[in-house]
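One structure is given here, and the rest of the page talks about it.
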Amino acid sequence: MTQGDKTGTYDHAAVEARWQARWMAEKTFAAKDDRSLPKYYVLDMFPYPSGDGLHVGHPLSYTATDIVARFKRHRGFNVLHPMGWDAFGLPAEQYALKTGVHPAKTTAKNISNFRRQLQSLGFSYDWDREVDTTDPSYYRWTQWIFLQLYERGLAYQAEIPVNWCPEMGTVLANEEVIDGKSEVGGFPVVRRPMKQWMLKITAYADRLLEDLDDLDWPEHVKDMQRNWIGRSTGAEIDFPVEGRDDVTLRVFTTRPDTLFGATYMVVAPEHPAVDSIVTDAQREAVAAYREQAAAKSDLERTQLQREKTGVATGAHATNPANGERLPIWVADYVMTGYGTGAIMAVPGHDERDHEFATTFGLPIREVVSGGDPSQEAWTGDGTLVNSGFLDGLEVPAAKQRMTAWLEEQGHGVAAVHTKLRDWLFSRQRYWGEPFPLLHHDDGSVSTVPEADLPVRLPDVERYQPSGTGESPLATVTEWVETTDPVSGEAVRRETHTMPQWAGSCWYYLRYIDPQNEERLVDPELEKYWMPVDLYIGGSEHAVLHLLYARFWHKVLYDVGVVSTKEPFRQLLNQGMILGEDGEKMSKSRGNVINPDEIVERFGADAFRLYEMFMGPLTATKPWQTSGLNGTHRFLKRVWRLFVDQDGRSVVDDGEPGDEVLRAFHVTLDRVTEDTSELSFNTAISAMMEFVNVLTRDGRGMPRSLAREFLVMLEPYAPHVAEELNAFLGGETLLAWEPWPQVDASFLEEDTVDVPVQINGKVRTVLKLPAGADPAAMEQRARAETGIAALLEQGEVVKVIAVPGRILNFVVKPR
RNA sequence: GCGAGGAUGGCGGAACUGGUAGACGCGCCAGAUUUAGGAUCUGGUGGGGUGACCCGUGGGGGUUCGAGUCCCCCUCCUCGCACCA
């Protein structure tokens, strides 16, 4: 409301444009260099700049972090609040395949649209720190990190069966395959062996697991990561195969204590020993079964087919504990990828084995008391029976005892296995980071020297995958064929590219020092800013992104680049916003809300307030455009407390009354606490109540409270707050104003409302002095005619009086 | 099947360590004002009786003077994992 406005109407478009321009021009939200200040690093999961632009889910978490960033500035913190682009990825490449437009062009266009949209919402990012994972000055360091991994032996090539998607002409990570189909596009995926780059994340499994304990993360996210890592302790046990001195069957079990209960063995259909141990009589049946299993898709094997199938090999193994003969079966309920691909079956104490034994009439033996194994497997604890030297021990002791015995006798070892597999790190795509690797004629691989980074992505004519599994890069001869700067030999570049996860694994570090050309990040700056204090993003990243980023962070910790073991101190997942119909928003359903339209109609401040007011940040909740009326109305009411319809000030110069002062300090107290606890919906409702009090009061905003009120409002509705502050004559921005102090003397009420109950039912409410003791309370209540009459009807057997809270008469009828 | 989280008015949601259930907002109803503005203001709005009475936080038990909150059993919903030995 700088001078010249004709009316006092709240014109959100003009107000918001004005302050956004000023923040940009003055670099208001640049993080400061002053390292004597306490720091706060608040991070959003940076978006993939898709062609669709922002959806309303983005501003949900971005507004939350923005409120925190602004709040922390008021609280005296040096705040780092950056934004960037996770811009490598399939959609741009797929668009290029269709149209021939270079992904870099599409990406640049999408980024500027995203940037415009984010800026229109007034987020207080430090735009000088913007990063873009597809920028060579950024992916230079992604490549550099890969070199560190490579040099530490954490990157290796392997010929392994991979998820080959014929439709897309590429290989997918396990995580990108859902029910046998590609996560993007839903195309069928088959298994096929191929030479791939792998990262040895399994070497960090224990640290990734242990360090979870100290993180301020939602328990369910930690649990998901624990599950994903899937660490099991137990033993590997060798079973000699009867009549075959050259073959032993090694199994992994978490229940070595039940070894005496093993009644048969099972190997996976793909197990390498099958061919050599199968008897002639069974050879044909086993071959048929294996063929059948191979033909089944993952979907059939895991989902559709629950009933157990299998076939005997005819071979037998010997139980090392008691010398019993155990038939060896082939069955697809044992998987080749976990443990050793072979198990000892203990149907008495394992549900799957029990089901299998029942189906095929195999013996079931009880070795742990507590259940009835003839009916169902007993998997609980108990005392060992029928188990020789283990008899009488409890399960945990028996596990130890058996493992020790196996080791003494040379029949086995204690062992730990994880579900976590090494990370398939190469993609046969164009739009990704090239590997800084050179292939020599002799088959050896060397690295591109650090000084020669980045290895730039060359321009190509065609983006089509070759269909053979090679990347489109393989066709760019003048790029592929190069000279090794070290040996001078003619070499070929690696043509695979890195997965999209690569760039997002470390971007939070680059924000700290985005222009540094000498280092990934300056060590002093890293020490100051890390760890990230608050990280908010979608729960779809609860496992993969967060696990990969933690892995790289730990490697960088070992390399000495970072000073913290963990990157993200506090994590939060925002909930999903559903469409107005209560269904997930999707183009096909036509229930998608476009943020641009909302901003145009109601303004960014009303939009921000609405998204925060919908409910708890972490809850899933449906969108309701009519709800914007509420927050928009609230802002108009705030406006009216300062400005009348003709643009004249209605700010009240008189002393505010006690009631207004009390209301203000109660509000400030609640907003301070709720904002600290990220309970934004209740903070907003507190401010609404206060504004309602003043509106009813009808005298305008008291001048003595005006600026403090605006500081309190600023994190939530920054444009309106700054505008009204300027209207008051404020020359300096609110952005760095200190947070107002709560005057606690106003929080204490002289009188309190105390409900009076008879047998737990409220009969009246008394206004009592705040300090009234139980006797005084009772006396006052008995003086009430209504109460006295009710008490007459029976005998008072007990009086519960909690000062300031409740008074309850327990009355026994006569 | 396993793990985690939920269930409160027509709707989104409040409710601190058990202490007046339904704050705040949407929507709706009535009125005022101005009138063509996606306005504003005031009052009302859980259900039933329609006077100060009863019933109400998914269902059933329990603990307690008192339960949305604590305990036990059950139903349903959401998310994740899914034959991991």
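The values are calculated or read from the model by the stated rules, or taken from the named source; none is laboratory data. This is a predicted model, so every value here is computed, not measured. Cβ: placed from backbone, ideal geometry, glycine included. Neighbour counts: every protein chain shown. Areas reflect the complete protein model, heavy atoms only, side chains present, ligands, DNA and RNA absent. Shrake-Rupley method; radii C 1.70, N 1.55, O 1.52, S 1.80 Å.
Of all the listed residues (A:ARG589, A:ARG569), the sole one being basic (Lys, Arg), touching a residue at least 24 places away in the same chain (Cβ under 8 Å), open to solvent by 30 Å² or more (accessible area, probe 1.4 Å) and outside any helix (DSSP H, G or I) is A:ARG569. For the residues A:ARG140, A:ARG116, A:ARG73, the requirement of being open to solvent by less than 10 Å² (accessible area, probe 1.4 Å) and basic (Lys, Arg) singles out A:ARG73. Within segment A:347-363, the set of residues being crowded, with 20+ Cβ neighbours inside 10 Å and more than 30 Å from A:PRO161 (Cβ to Cβ) comprises A:PRO347, A:GLY348, A:HIS349, A:HIS354, A:ALA357.
Given the criterion free of Cβ contacts under 8 Å to residues at least 60 places away in the same chain and open to solvent by less than 10 Å² (accessible area, probe 1.4 Å), identify the matching residue among A:ALA663, A:ALA686. Result: A:ALA686 is the single residue among A:ALA663, A:ALA686 that is free of Cβ contacts under 8 Å to residues at least 60 places away in the same chain and open to solvent by less than 10 Å² (accessible area, probe 1.4 Å). Can you confirm whether segment A:247-257 contains a residue that is part of a loop (DSSP other than H, G, I, E, B), within 16 Å of RNA strand B (Cβ to nearest atom), acidic (Asp, Glu) and surrounded by 15 or more Cβ atoms within 10 Å (Cβ to Cβ)? Checked segment A:247-257: no residue is part of a loop (DSSP other than H, G, I, E, B), within 16 Å of RNA strand B (Cβ to nearest atom), acidic (Asp, Glu) and surrounded by 15 or more Cβ atoms within 10 Å (Cβ to Cβ).
For every residue, the table says whether it meets (1) within 12 Å of RNA strand B (Cβ to nearest atom); (2) in contact (Cβ under 8 Å) with a residue 40 or more places away in the chain.
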| residue | (1), (2) |
| --- | --- |
| A:PRO193 | no, no |
| A:TYR204 | no, yes |
| A:LEU259 | yes, yes |
| A:TYR264 | no, yes |
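Can we say A:LEU509 is of a type outside the set (D, E, K, R), in a helix (DSSP H, G or I) and open to solvent by less than 10 Å² (accessible area, probe 1.4 Å)? Criteria met by A:LEU509. For segment A:618-630, the condition of being closer than 21 Å to A:GLU723 by Cβ, more than 11 Å from RNA strand B (Cβ to nearest atom) and open to solvent by less than 60 Å² (accessible area, probe 1.4 Å) holds for none of the residues. For segment A:311-337, the set of residues classified as within 16 Å of A:GLU242 (Cα to Cα), in a loop (DSSP other than H, G, I, E, B) and open to solvent by less than 20 Å² (accessible area, probe 1.4 Å) consists of A:ASN319 only. Restricted to segment A:51-154, the set of helices (runs of 4 or more DSSP H) holding at least 3 residues that are within 24 Å of the chain's Cα centre (by Cα) and not acidic (Asp, Glu) comprises A:57-74, A:103-120, A:136-151. Residues that are of a type outside the set (A, V, I, L, M, F, W, C), within 16 Å of RNA strand B (Cβ to nearest atom) and either in contact (Cβ under 8 Å) with a residue 12 or more places away in the chain or farther than 28 Å from A:GLN119 by Cβ (or both) occur in segment A:709-720; there is at least one.
Note on segment A:631-676: among residues that are near RNA strand B (Cβ under 9 Å from one of its atoms) and not β-branched (Val, Ile, Thr), the one that is nearest to A:SER704 (Cα to Cα) is A:ARG640. Only one entry in A:GLU583, A:GLU489, A:GLU526 is within 16 Å of RNA strand B (Cβ to nearest atom), surrounded by fewer than 22 Cβ atoms within 10 Å (Cβ to Cβ) and charged (D, E, K, R), namely A:GLU583.
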